[in-house]
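The values are calculated or read from the model by the stated rules, or taken from the named source; none is laboratory data. Fair warning: this is a prediction, and the values are worked out from it, not measured in the lab. Note: ideal-geometry Cβ built from the backbone for every residue, glycine included; neighbour counts use all protein chains shown. All accessible areas refer to the heavy atoms of the entire protein, side chains included, with ligands and DNA or RNA removed. Shrake-Rupley method; radii C 1.70, N 1.55, O 1.52, S 1.80 Å.
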There are 2 protein chains.
Amino acid sequence: MTDTGQNPITDQVYKARQFCEDKGARFTLLREKVYALLLEQQGAVGAYELLDTLKLTESNAKPATVYRTLDFLLEFGLIHKIESTNAFVACHHFDCNHPVQFLICDTCGDVKEIQSVGLKDTLDKQAQSVGFRVVNQTIEAHGTCAACQ
Amino acid sequence: MTDTGQNPITDQVYKARQFCEDKGARFTLLREKVYALLLEQQGAVGAYELLDTLKLTESNAKPATVYRTLDFLLEFGLIHKIESTNAFVACHHFDCNHPVQFLICDTCGDVKEIQSVGLKDTLDKQAQSVGFRVVNQTIEAHGTCAACQ
DNA sequence: AAAATTAGTGTTATTATATAACGGTTTGTT
DNA sequence: AACAAACCGTTATATAATAACACTAATTTT
């Protein structure tokens with residue numbers, strides 16, 4: 001499989017495989033399928049909704065199947081978890097190392113990922129000023145996207 | 001019951017009752033008890049942990065009892081939900097109208113609430129720049145508090 | 001190449017979190 | 001007193017996530 005520029009999802013999956021293998025991690029068929037399913041979604045998806053979709057081709061899939069796979073994808077930054085909705089969303093630029101924040105449209109369900117270093121730094125500084133050392137951040141905004149206004 | 005300055009929790013409960021009644025909402029005994037229980041905790045508490053505690057005095061309490069009460073308290077801003085841990089924490093200054101962010105210590109479990117207008121505005125602006133209108137924000141930092149370092 | 005080790009998956013069961021629905025009771029209003 | 005609305009008790013169920021164990025595939029060591 002090569003990056004042909006023909007199919008965005010295929011290309012993204014290819015990039016993900018390269019990324020994993022470069023790190024000595026195995027991008028198995030199951031992991032590829034789950035990642036591809038998430039890429040196909042326009043918004044974030046719950047684990048059980050994802051399971052239902054996965055079952056169409058992997059009839060023996062179970063909750064643990066999905067959660068284990070999601071754990072792997074999360075660990076390598078290929079996907080993100082939206083904490084406020086318990087849903088998962090594919091990440092398209094796992095190779096750059098930017099902080100991440102989400103804009104979640106409550107009307108159409110679309111999730112836009114933004115990468116604001118300024119936002120991250122502001123929170124880090126606020127924390128630092130009270131002696132708190134930040135390890136990771138959850139920043140999610142709910143509202144209405146441009147298209148839905 | 002008056003604000004005597006003797007017991008911080010009693011005083012806070014008193015303030016909460018005033019606040020609710022000013023808004024025409026009923027601060028029932030159940031709501032008072034749940035709010036008081038949350039005030040007694042040092043960190044955030046899960047709904048079922050709260051239920052167990054509540055059962056000590058309200059032996060007939062059920063999940064719905066707790067969730068309904070939490071919903072009321074959330075609606076009036078007397079408590080907050082920590083999305084990244086599915087836990088609830090009492091708010092001490094529901095009367096001021098500041099935005100809210102949380103610093104969650106993963107070592108001792110303590111939750112510190114901060115109110116940074118700058119942080120809120122930064123996120124609002126970032127969103128605005130891509131045409132997104134923010135209705136509410138979830139900002140939570142995990143890490144290590146000053147005491148635990 | 002065989003053995004040993006590690007990583008990944010299948011499967012069953014269980015735990016944790018949250019809501020729906022309905023009936024009865026209390027509170028506030030007319 | 002009658003009525004309506006809000007609140008609470010209760011049962012059932014939906015949704016989200018993990019534990020534990022056996023088996024298989026891949027990788028490393030010998």
Test set (1) open to solvent by 20 Å² or more (accessible area, probe 1.4 Å); (2) under 16 Å from the mean Cα position of the chain (by Cα); (3) more than 16 Å from DNA strand D (Cβ to nearest atom) - A:Tyr35 fails condition number:
(1)
Going through (1) modelled with pLDDT under 95; (2) over 14 Å from the mean Cα position of the chain (by Cα) one by one, A:Ala64 fails only at (1)
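Hey, any hits in segment B:140-149 for a residue that's at the interface with chain A (Cβ under 10 Å from one of its Cβ atoms), among the polar types (S, T, N, Q) and open to solvent by 90 Å² or more (accessible area, probe 1.4 Å)?
Scanning segment B:140-149 turns up at least one residue that is at the interface with chain A (Cβ under 10 Å from one of its Cβ atoms), among the polar types (S, T, N, Q) and open to solvent by 90 Å² or more (accessible area, probe 1.4 Å).
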Would you confirm whether any residue within segment B:62-83 is within 14 Å of chain A (Cβ to nearest Cβ) and of a type in the set (Val, Ile, Thr)?
yes
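Go through segment A:48-63 and report how many residues are under 18 Å from A:Ile79 (Cα atoms) and surrounded by fewer than 16 Cβ atoms within 10 Å (Cβ to Cβ).
Just the residues of segment A:48-63 that are under 18 Å from A:Ile79 (Cα atoms), to begin with: A:48-51, A:53-54, A:63.
Subsequent filtering for residues that are surrounded by fewer than 16 Cβ atoms within 10 Å (Cβ to Cβ) retains A:48-49, A:63.
The total comes to 3.
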Just one of A:Val89, A:Val66 is in a strand (DSSP E or B), β-branched (Val, Ile, Thr) and crowded, with 20+ Cβ neighbours inside 10 Å; which is it?
A:Val89
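For segment B:92-104, what are the residues that are within 14 Å of chain A (Cβ to nearest Cβ) and either away from DNA strand C (no atom under 16 Å from the Cβ) or assigned to a helix (DSSP H, G or I) (or both)?
As a first pass, look at segment B:92-104 and keep what is within 14 Å of chain A (Cβ to nearest Cβ): B:98-104.
Hits for segment B:92-104 are B:His98, B:Pro99, B:Val100, B:Gln101, B:Leu103.
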The conditions are (1) within 14 Å of chain A (Cβ to nearest Cβ); (2) within 22 Å of B:Ala146 (Cβ to Cβ); (3) within 13 Å of DNA strand C (Cβ to nearest atom), and B:Thr107 fails exactly one of them. Which is it?
(3)
Please go through segment A:98-126 and give me each residue that is surrounded by fewer than 21 Cβ atoms within 10 Å (Cβ to Cβ) and over 24 Å from A:Gln41 (Cβ atoms), ordered by number.
A:Val117, A:Gly118, A:Lys120, A:Asp121, A:Thr122, A:Asp124, A:Lys125, A:Gln126
